[in-house]
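All remarks here apply to the structure that follows.
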Amino acid sequence: MSISVQNVVVDYASRRVLNKIDLEIEAGEFVSIVGETGCGKSTLLRLILAEERPTQGRVLVKGRERSRPDRTCGYVPQKYSLFPDKTVLDNVTFGLEVTSRGFFRKREHREEALRYLRHTGLNEADAKKYPHRLSGGMQQRVAIAQALIMKPPVLLMDEAFSALDPGTRRGMQQLIKALWRESGTTVVFVTHNTREAVCLGTRVIALAKDSERGSSIVLDLDVQHLGFDSVDSSDEQLARLITRVEAASVKAALPLVRDDDASPVRTHTQV
């Protein structure tokens, strides 16, 4: 397993946010997490990153319990955070330069950074700018390039495409899927866009919240063999899956049970 979330509970003051979350993610999976606003999707991501610690239970990545953020997990947050006193290019190369032995590879790092920036729709002129001269969507593209260039074993993405225009978003969806296929990186991808979740992921997890008991996993779909590569697809089976995921995520959270049925999709469903 790449990621193991074991009987995790998260309480904020007197409010329970996550309730008895058990989740095993194999190395190389692309797992999409969906659910209503406030159900704890981002909290779950921060637990894996080790920015937060569970009230109960534990989180392991590659067999080690998480205690602090490290290079094992790359992170692209919903709200980008760039160094305001560094150019776009320097922001993207920063991680490589502080972790390399000396700066003799600086030219190589900058060339690689430019390649990632071009993938995200930026160019060499943008690379020379400072963050305050970029739009919000452009800053988010820089943050994505900043995470991808480190080639982490686990990549955590929290609504990473939400600030992008539709055309750029489609390009980034294709880029992330292509990089995942090439690298074998384990991706955990939080999104409000159910269609995006189903088309990009090999597996879709739906969280549903309960105001008293906290959120739990109510649906776990294995969709890796269905091959929904295009988010614009009008496939009827895709439409049915989207409806199913959306219906599950708005219901009150109930315990998850295993139900391997005869349908093309192996499912864990709510009872």
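With the helix formula -39500 (n - 2.57) applied to DSSP H stretches of n ≥ 4, the chain reaches a computed 222 nm mean residue ellipticity of -10500 deg cm²/dmol. Extension gain, GLU36 to ASP85, is 14.0 nm, computed as 0.36 nm per intervening residue step minus the present C-alpha separation. Quick one: grab the alpha carbon gyration tensor of segment 39-95, order the square roots of its eigenvalues as a ≥ b ≥ c, and give me rounded if a/c is under 1.5, else prolate or oblate depending on whether a/b is larger than b/c. Since a/c reaches 1.5 and a/b is larger than b/c, the shape of segment 39-95 is classed as prolate.
Given a cut-off of 28 Å, name the pairs among LYS151/LYS209; LYS20/LYS177; LYS106/LYS151; LYS79/LYS209 whose C-alpha atoms lie farther apart than that in the structure shown. LYS151/LYS209; LYS20/LYS177, as the Cα separations exceed 28 Å there.
Overall, segment 69-209 carries a charge dipole of about 140 debye about its Cα centre when +1 sits on the Cβ of Lys and Arg and -1 on the Cβ of Asp and Glu, all other atoms neutral. Which whole-number percent gives the relative contact order of segment 143-218, counting Cα pairs below 8 Å spaced six or more residues apart? Across segment 143-218, relative contact order equals 28 percent.
Note on segment 84-151: Cα Rg divided by 2.2 N^0.38 Å, N the number of residues, gives 1.01.
Sparsely packed loop sites in segment 174-232 (the chymotrypsin sites (Phe, Trp or Tyr not before Pro) outside DSSP H, G, I, E and B with at most 15 other Cβ atoms within 10 Å) do not occur. Projecting the Cα atoms of ILE33, HIS109, SER81 onto the charge dipole of the chain (Cβ charges, centred on the Cα centre) puts HIS109 farthest toward the positive pole. Distance between the modelled labels on GLN56 and GLN174, one decimal in nanometres: 4.8 nm (7 Å Cα→Cβ projection).
For segment 39-73, GluC sites (Glu not before Pro) meeting the loop criterion (DSSP other than H, G, I, E, B) and having at most 11 other Cβ atoms within 10 Å: none.
About its Cα centre, the chain has a charge dipole of approximately 920 debye under the convention of +1 per Lys or Arg Cβ and -1 per Asp or Glu Cβ, with nothing else charged. Working note: Cα gyration tensor of segment 141-181, eigenvalues times five, square-rooted, sorted largest first, giving semi-axes of 17, 12, 9 Å. Convex hull of alpha carbon positions in the chain: directionally averaged projected area 14.9 nm².
Readers should treat all values here as calculations from the given coordinates under stated rules, not as data from a laboratory. The structure presented is a predicted model; accordingly, all values stated were derived computationally and were not measured. Here Cβ is always computed from backbone atoms with ideal geometry, including for glycine, and neighbour counts include all displayed protein chains.
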